Amino acid sequence: MQANALRASKMRGYAGVIAKEVEDWIEDWSDEGEIDVVDELQALLLRTSTHCLMGTDFRNKLTEEFGSLYHDLESAVSADAILDPYAAGEAFEKRDRARAPAGNRDGGDRRAPCGGGAVGGDGQYFDMLDTFMNAEYVDGSKLPDEQIPGMVVWIMFGGFHTSSNTAAWTLVELARNEEFVGDIVSEVNAIYGGTRDLEYASLREIPLLERFVVEVLHLHPPLCTLMRQVMQEFEYKGNTIPVGDTVLISPFVSHRVPEYFPDPERFDPTRVPSDNVFAYIPFSGGARKCVGNAFALLQLKSIFCALLSRYDFEIVGEPEAIVDSMPSLILRPSDPCRVKYRRRV
Ligand code: HEM
């Protein structure tokens, strides 16, 4: 069901919605100024994610209440919660209180015949909530009302911080790796410059920008602890791994193995990809691989076409002082993380 909501053919519909959000966001920027990178991109990605996930009506009513409820849901996402999601504690109580009204609101208001989603340029846009409300199991039964908000919140968790922190790191690396920026700007201008049609541009291939994002995800994979519970005993390098154990792989560690990534800490978007499919795993792999890969890339292309065609960026303070930080389960740039922007004449 979730893969259906995020399959490549749905991207055309989401592209128009994302482009409109990005254009509205950048409209308020002046000729020069300074932003907090993480905060600014989180605010934008919250709007693009909720608009695509829950539709225009919901997005237009995006209130501080939603922001605060979502914060309470998120605050309970911790390593402790993975080990015991039903433990007592204030964060978990707040999470359960936050989820209750979300359940009523989404299941209640939107189960009826749904005209909810915005319609994109090609008339095809339906929000993801719509997809879940119409989804069927193989026996033809529908998802129960109380499970639909859970699916929406889950997709939101999967997609929001991963994408906003990747966008934040992309902006930081663009600002401190000037030598690659000129060619990317020329590429973006060739695709987006003439038409100024952000929806169209974000659906095109933009190879140099895409390679740059690949390298951002090489050094800064936002999900760096992927865990699995062992269902069947197995041997690994002479050790028996018993049923019930938790095993963990880390893209952050895999991406720093010199055998596959020579000089692994160097930021190098011209890096030749390893032919080992298990070496580069920012989206994981196998059956549980990320289903939001295309959606994430669409958002990043939209954001950076809009930004790079207009502005130059410079880190405020010492560029190398910004390092990976992991205050919760998701990797992000450390604080302070500010950039100056200046409109190109
Ligand atoms: C740069 C952005 C993103 C990165 C790096 C990323 C990374 C990942 C990774 C590593 C996993 C696997 C987790 C595991 O194996 O335990 C995953 C799963 C998932 N991601 Fe993403 N993700 C991104 C964006 C998104 C977006 C935008 C969405 C949705 C809108 C999304 C939805 C999901 C979902 C639903 C799963 C679970 C798939 C399943 O278990 O079947 N992700 N993601």
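Coordinate-derived values only; no laboratory data. As the structure is a prediction and not an experimental result, all values here were calculated from the model. Positions of Cβ are backbone-derived with ideal geometry, glycine not excepted, and every protein chain shown enters the neighbour counts.
Working from label points 7 Å from Cα in the Cα-to-Cβ sense, the ASP139 to GLU90 distance is 4.4 nm.
The value of relative contact order for the chain, using C-alpha pairs under 8 Å at least six residues apart, is 26 percent. The stretch between ARG97 and ASN293, if pulled fully straight at 0.36 nm per residue, gains 67.4 nm over its current Cα-Cα span. A simple charge model with +1 on the Cβ of Lys and Arg, -1 on the Cβ of Asp and Glu and nothing else charged puts the dipole of the chain at about 780 debye relative to its Cα centre. In the chain, helices alone account for a calculated mean residue ellipticity at 222 nm of -15500 deg cm²/dmol, with every DSSP H run of four or more residues adding -39,500 (n - 2.57). Need one word for segment 191-309: rounded, prolate or oblate. Basis is the Cα gyration tensor (sqrt eigenvalues a ≥ b ≥ c); a/c below 1.5 gives rounded, then a/b vs b/c decides. It is prolate, given that a/c is not under 1.5 and a/b is the larger ratio. Overall, the anisotropy analysis places segment 1-95 in the oblate class: the square-rooted eigenvalues a ≥ b ≥ c of its C-alpha gyration tensor yield a/c not less than 1.5, with a/b not exceeding b/c. Highest mobility in the GNM of the chain, judged by mean-square fluctuation with C-alpha springs under 10 Å and restricted to GLY286, GLY33, GLY158, is found for GLY286. Its Cα gyration tensor gives segment 261-337 an equivalent ellipsoid. The semi-axes, each the square root of 5 times an eigenvalue, are 25, 19, 16 Å from largest down. Listed values for segment 177-184 are Karplus-derived 3J(HN,Hα) couplings in whole Hz (6.51 cos²θ - 1.76 cosθ + 1.60, θ = phi - 60°), namely 10, 3, 4, 9, 6, x, 5, 5, and x replaces Gly and Pro.
Per residue, the convex hull spanned by the Cα atoms of the chain amounts to 164 cubic angstrom. If R0 is 56 Å, the Cβ-Cβ spacing of ASP24 and GLN232 corresponds to a FRET efficiency of close to 0.65. Couplings for segment 313-325, taken from phi via the Karplus curve 6.51 cos²θ - 1.76 cosθ + 1.60 with θ = phi - 60°, read 10, 8, 5, 8, x, 7, x, 6, 6, 7, 10, 5, 9 Hz in order; Gly and Pro are left as x.
In order along segment 239-252, the Karplus-derived 3J(HN,Hα) couplings, from 6.51 cos²θ - 1.76 cosθ + 1.60 at θ = phi - 60°, round to 10, 8, 9, x, 4, x, 5, 9, 10, 9, 10, 10, x, 4 Hz, and Gly and Pro are given as x.
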